[in-house]
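Enquirer: Take this structure first; my questions come after.
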Amino acid sequence: MAEDIIDKIFRHLGRLILLLVICGLAVVALLVWLGTGNSIETAQTAPKTTISPTIVTEIRQIGQWEFLTIEDEEMVDTVKHGIFKDEELIRIYNGKLRLGVDLTQADPRWIEMKDDSLIITLPKITLLDKDFIDEAMTQPFFQSGDWTDADYESLYQRAYQRMKARCMTKENMRIAEDNARSEMENLFRSMGYDKLRIKL
């Protein structure tokens, strides 16, 4: 009887010791695993320090890049005073003025790296299409008497100058420049260039 009790005690002690050894090994393994094997590292992309001439050429080949479009309508009239009655001509002109840059006019070194920054020098914002009046949309509003081709051309030129004066303002040029900077930043950041300086 006493031998059975002693035997049971030793068996329980053996199991307890084995359990403690297993727990100790597990704790040591966990500490080693946490300390060395599974450190979390944040992946960082190295900033680009060069730009491929091929990319520069491909962007330049875009040619005209529009950054602001303004639609305008102008009513222009002219009067010829006669002895018995006056003759009048009134026409409505519609135009779409596109402001942007022509990359074919960019300086040969318009994109270059300086230290770790990409410097982009764009051509000045300009009127991309000189023929911005849509003659198909021109409407004769009122006409009395006879008019020559020279009279119509004179009216057209007056509408043309009015549209330019109304649309190519400092404010609109500034908006186009802001749009240019924003679109260029988006383009080059998407290619991995974080440090940019855009000049117009």
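The values are calculated or read from the model by the stated rules, or taken from the named source; none is laboratory data. All values reported here derive from a predicted model rather than from experimental measurement. Cβ coordinates were reconstructed from backbone atoms using ideal geometry, including for glycine residues, and neighbour counts include every protein chain displayed. Side chains are part of the model used for accessible areas, which takes the heavy atoms of the whole protein and leaves out ligands, DNA and RNA. Shrake-Rupley method; radii C 1.70, N 1.55, O 1.52, S 1.80 Å.
Enquirer: Determine, yes or no, whether residue 50 is modelled with pLDDT of 55 or more, of a type in the set (Ser, Thr, Tyr) and open to solvent by 90 Å² or more (accessible area, probe 1.4 Å).
Expert: Answer is yes for this residue.
Enquirer: I'd like to know if the range 170-191 contains one or more residues that are touching a Leu at 6+ places or on another chain (Cβ under 8 Å) and either in a loop (DSSP other than H, G, I, E, B) or at positive phi (or both).
Expert: No, the range 170-191 has no match at all.
Enquirer: Further question on the same structure: Could you count how many residues in the range 159-200 are touching a strand residue (DSSP E or B) at 6+ places or on another chain (Cβ under 9 Å) and open to solvent by less than 50 Å² (accessible area, probe 1.4 Å)?
Expert: 14
Enquirer: Determine if the range 144-158 includes at least one residue that is open to solvent by 70 Å² or more (accessible area, probe 1.4 Å), in a helix (DSSP H, G or I) and in contact (Cβ under 8 Å) with a residue 40 or more places away in the chain.
Expert: Within the range 144-158, one or more residues are open to solvent by 70 Å² or more (accessible area, probe 1.4 Å), in a helix (DSSP H, G or I) and in contact (Cβ under 8 Å) with a residue 40 or more places away in the chain.
Enquirer: For the range 58-82: of the residues being buried (at least 17 other Cβ atoms within 10 Å of the Cβ) and either modelled with pLDDT under 95 or β-branched (Val, Ile, Thr) (or both), which is nearest to the chain's Cα centre (by Cα)?
Expert: 59
Enquirer: Residues to consider are 111, 92, 119; find the one that is touching a helix residue (DSSP H, G or I) at 6+ places or on another chain (Cβ under 8 Å) and either surrounded by 10 or more Cβ atoms within 10 Å (Cβ to Cβ) or under 20 Å from residue 182 (Cα atoms) (or both).
Expert: Selected residue: 111, the only one of 111, 92, 119 that is touching a helix residue (DSSP H, G or I) at 6+ places or on another chain (Cβ under 8 Å) and either surrounded by 10 or more Cβ atoms within 10 Å (Cβ to Cβ) or under 20 Å from residue 182 (Cα atoms) (or both).
Enquirer: Let me ask something additional. Does residue 101 satisfy the criteria of being open to solvent by less than 90 Å² (accessible area, probe 1.4 Å), without any contact (Cβ under 8 Å) to a residue 12 or more places away in the chain and not aromatic (Phe, Trp, Tyr)?
Expert: no
Enquirer: Separate question: Need pairs with beta-carbon distance below 6 Å; first residue free of Cβ contacts under 8 Å to residues at least 12 places away in the same chain and within the range 118-139, second assigned to a loop (DSSP other than H, G, I, E, B) and open to solvent by less than 90 Å² (accessible area, probe 1.4 Å); sequence gap 6+ or separate chains.
Expert: none
Enquirer: Let me ask another. Taking only pairs six or more apart or across chains, which ones have beta-carbon atoms under 6 Å, a first residue in the range 180-200 that is farther than 13 Å from residue 118 by Cβ, and a second residue that is modelled with pLDDT of 95 or more and open to solvent by 50 Å² or more (accessible area, probe 1.4 Å)?
Expert: 200/177
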